[in-house]
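Accompanying notes for the structure given below.
The values are calculated or read from the model by the stated rules, or taken from the named source; none is laboratory data. Please read these numbers as outputs of a predicted model, since none were measured by experiment. When we count neighbours, we look across all protein chains shown, and the Cβ atoms used for this are built from the backbone with ideal geometry, even at glycine.
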Number of protein chains: 2
Amino acid sequence: MPEQTSLDPAVAARLRRNADGLVPAIVRRHDDGDVLMLAWMDDEALHRTLTTGRATYWSRSRRQHWVKGETSGNHQYVRSVALDCDGDTILLTVEQVGPACHTGAPTCFFDEIKLAS
Amino acid sequence: MPEQTSLDPAVAARLRRNADGLVPAIVRRHDDGDVLMLAWMDDEALHRTLTTGRATYWSRSRRQHWVKGETSGNHQYVRSVALDCDGDTILLTVEQVGPACHTGAPTCFFDEIKLAS
């Protein structure tokens, strides 16, 4: 389970987490609004994101926190954070340094699926 | 569990679903790119979305499919669909009729959280 956190209790009270204690975070670029990626946050990741201004997530595969860009250099400087109406999704607006995707693509959503209609 | 589906096997093979057989779908407006909401899709919801051009999701609370706007009239006509690099998130670009949020707000992300930094 994600660790103890010092996330503002007023914010924590608004979060609706999944069974693993996580909330999906949609990340978009501040200047053109393009959607870059989706990652996951526990309370501590959100706390660190809010207090450091650097997008910080919970890696479900590695089971640890990661600061975006820590190894790649492709940092995300957070401009604003919003919760949705249900408190179960976060929207980060960021200044993205370099490509957002680990493949080197500008965004993770480069794989278009054809509409049949 | 979500029901059997006739989703194109080539698309189904690219999906990475969670333990409930679901994939999060980020929804953005086609003209200004604003992020409207996040919902969940099983294979059948994606199949219906791709073949009808109407955004169709899986309701986790009601455990059934729902066509966005079916009761509210606030339809989403799908312009394009993309998968992310991992196949575990969908991005829908839609023409949104009326407000996207059930609260009547234009988008679900109206609840800003203050940055401490």
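Looking only at residues in region B:93-117 that are in contact (Cβ under 8 Å) with a residue 40 or more places away in the chain and of a type in the set (A, V, I, L, M), the one that is farthest from the other protein chains (Cβ to nearest Cβ) is B:Val94.
Counting only residues that are farther than 17 Å from A:Val35 by Cβ and surrounded by 21 or more Cβ atoms within 10 Å (Cβ to Cβ), region B:85-110 holds 0 of them. Candidates B:Ala25, B:Ala19, B:Ala100: the one that is hydrophobic (A, V, I, L, M, F, W, C) and in contact with a Pro (Cβ under 8 Å, 6 or more places away or on another chain) is B:Ala100.
Scanning region B:59-79 for residues that are surrounded by fewer than 24 Cβ atoms within 10 Å (Cβ to Cβ), touching a Phe, Trp or Tyr at 6+ places or on another chain (Cβ under 8 Å) and touching a residue at least 24 places away in the same chain (Cβ under 8 Å) returns a single hit, B:Arg60.
In region A:76-89, how many are of a type outside the set (Ser, Thr, Tyr) and either assigned to a loop (DSSP other than H, G, I, E, B) or touching a Cys at 6+ places or on another chain (Cβ under 8 Å) (or both)?
Residues in region A:76-89 being of a type outside the set (Ser, Thr, Tyr) and either assigned to a loop (DSSP other than H, G, I, E, B) or touching a Cys at 6+ places or on another chain (Cβ under 8 Å) (or both): 5 in total.
Being of a type in the set (Asp, Glu) and more than 18 Å from B:Gly87 (Cβ to Cβ) is the requirement here; does A:Asp111 meet it? Considered against the rule, which asks whether it is of a type in the set (Asp, Glu) and more than 18 Å from B:Gly87 (Cβ to Cβ), A:Asp111 comes out as no.
Screening region A:63-74 for residues that are modelled with pLDDT of 95 or more and within 14 Å of chain B (Cβ to nearest Cβ) and picking the one that is nearest to B:Arg28 (Cα to Cα) gives A:Asn74. Residue check: is B:Ala82 within 11 Å of chain A (Cβ to nearest Cβ), in contact (Cβ under 8 Å) with a residue 12 or more places away in the chain and surrounded by 18 or more Cβ atoms within 10 Å (Cβ to Cβ)? Criteria not met by B:Ala82.
The set of residues in region B:16-33 that are within 10 Å of chain A (Cβ to nearest Cβ), more than 14 Å from the chain's Cα centre (by Cα) and at negative phi comprises B:Asn18, B:Ala19, B:Asp20, B:Asp32.
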